[in-house]
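The values are calculated or read from the model by the stated rules, or taken from the named source; none is laboratory data. All values reported here derive from a predicted model rather than from experimental measurement. We place every Cβ from the backbone using ideal geometry, glycine too, and count neighbours over all the protein chains shown.
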Amino acid sequence: MAKTEVLIDAGPLVAFFDRRDQHHTWTKTQMAHLTTPLYTCEAVLSEAFHLLEHVPRGTQQLIRFLERGAVAVPFSYAPNAEHIHEIMNAYADQPMSFADACLVQMAERQAAPTIFTTDSDFQVYRRADGQPLNVLIPGV
């Protein structure tokens with residue numbers, strides 16, 4: 001069986017380090033079964049660092065997680081800007097963030113990645129070919 005790449009969103013990154021987060025236990029359980037590195041983009045990291053500012057030692061824990069190589073950031077906005085804008089325009093009637101659009105673009109570049117998220121909007125988003133995204137999300 002081929003290894004499936006897992007693309008991680010900000011929600012699980014925050015929940016992993018914030019014990020008060022409603023998805024903390026679920027995220028810890030999922031992380032125990034995932035192979036690292038997980039993949040993401042700078043926009044997701046920016047969201048996660050911002051949301052962890054009020055969690056005691058939250059940003060420091062995320063820094064250590066990145067330094068250990070648990071998350072890799074192979075994606076860059078500039079060469080993908082046009083398609084990211086197309087994705088955001090296509091979902092202008094949805095609450096799609098810039099980070100969400102980047103993850104959708106990343107998913108389109110892989111054969112069958114899984115998006116690890118706490119955001120149910122990823123169940124609405126589609127690949128460019130119309131196929132639904134494979135999501136790892138609480139309650140599904």
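A count restricted to segment 32-59 and to residues that are exposed (fewer than 14 other Cβ atoms within 10 Å of the Cβ) and out of contact with any helix residue (DSSP H, G or I) (no Cβ under 9 Å at 6 or more places or on another chain) stands at 5.
Do we find a residue being touching a strand residue (DSSP E or B) at 6+ places or on another chain (Cβ under 7 Å) and over 22 Å from MET96 (Cα atoms) anywhere in segment 20-34? Yes, there is a match, as at least one residue in segment 20-34 is touching a strand residue (DSSP E or B) at 6+ places or on another chain (Cβ under 7 Å) and over 22 Å from MET96 (Cα atoms). Take the conditions (1) of a type outside the set (A, V, I, L, M); (2) over 23 Å from PHE49 (Cβ atoms); (3) modelled with pLDDT of 95 or more; (4) surrounded by fewer than 20 Cβ atoms within 10 Å (Cβ to Cβ); TYR125 misses just one of them, which is (4). The set of residues in segment 25-54 being outside any loop (DSSP other than H, G, I, E, B) and among the hydrophobic types (A, V, I, L, M, F, W, C) consists of TRP26, MET31, ALA32, LEU38, ALA43, VAL44, LEU45, ALA48, PHE49, LEU51, LEU52. The residue of segment 98-118 that is farthest from ASP9 (Cα to Cα), among those that are modelled with pLDDT under 95 and assigned to a loop (DSSP other than H, G, I, E, B), is ALA111. Name the residues in segment 21-64 that are more than 20 Å from ARG109 (Cβ to Cβ) and among the polar types (S, T, N, Q), would you? Residues satisfying the conditions are GLN22, THR25, THR27, THR29, GLN30, SER46, THR59, GLN60, GLN61. All of (1) closer than 23 Å to ARG126 by Cα; (2) assigned to a loop (DSSP other than H, G, I, E, B) hold for GLN22 with one exception: (1). Each residue in segment 61-106 was checked for being surrounded by 12 or more Cβ atoms within 10 Å (Cβ to Cβ) and touching a strand residue (DSSP E or B) at 6+ places or on another chain (Cβ under 7 Å), and 6 pass.
Consider THR29 carefully, then state whether it is loosely packed, with under 13 Cβ neighbours inside 10 Å, of a type outside the set (A, V, I, L, M) and over 14 Å from the mean Cα position of the chain (by Cα). Yes; evaluated as a whole, the condition is true for this residue.
For THR27, the test of being touching a Pro at 6+ places or on another chain (Cβ under 6 Å), β-branched (Val, Ile, Thr) and modelled with pLDDT of 95 or more is passed.
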